[in-house]
Amino acid sequence: MSNTYTAKYTKTSSGYMGQLVEWPEVVTEGATLEECRELLKDALHEMMLAYRQQQREIPLGGALFEQVAVEI
């Protein structure tokens, strides 16, 4: 089975923080955006294993996001 999740990346003073929108507990940091992406994939994999071991339901992915423009 395959699923997709929506990643949100935030620039920090030490690099980037990555978090899954549909599964906020999956969060990590990396020095570069590329490193953060890889660490987030690893964190997702580890969280899925933990949820399966605990027989917990894995959150569904596939959220739809769009930018909302506003004048300030």
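Values quoted throughout were computed directly from the atomic coordinates according to the rules given, and no laboratory measurement underlies them. This structure is a prediction, so every number in the text was calculated from the model and none was measured. Positions of Cβ are backbone-derived with ideal geometry, glycine not excepted, and every protein chain shown enters the neighbour counts.
Report the net charge of residues surrounding ILE58, where surrounding means a beta-carbon distance below 11 angstrom and charges are Lys +1, Arg +1, Asp -1, Glu -1.
Net local charge, ILE58 excluded: 0.
Go through 45-55, 27-37 and give me the packing order, highest mean Cβ count within 10 Å leading.
Most protected by this proxy first, the peptides run 27-37, 45-55.
Placing +1 on the Cβ of each Lys and Arg and -1 on the Cβ of each Asp and Glu in the chain, which of GLN67, LEU44, THR12 has its Cα farthest towards the positive end of the resulting dipole?
LEU44
Given the rule -39500 (n - 2.57) for each run of at least 4 DSSP H residues, summed and divided by the residues of the chain, what is its mean residue ellipticity at 222 nm, to the nearest 500 deg cm²/dmol?
The per-residue figure over the chain is -10000 deg cm²/dmol.
Output the 0 to 90 degree angle, nearest 10, between the alpha-carbon long axis of helix 33-53 and the longest principal axis computed from the alpha carbons of the chain.
The helix 33-53 is inclined about 30 degrees to the chain.
How large is the dipole of the chain about the Cα centre if only Lys and Arg carry +1 and Asp and Glu carry -1, each at its Cβ, rounded to the nearest 20 debye?
140 debye
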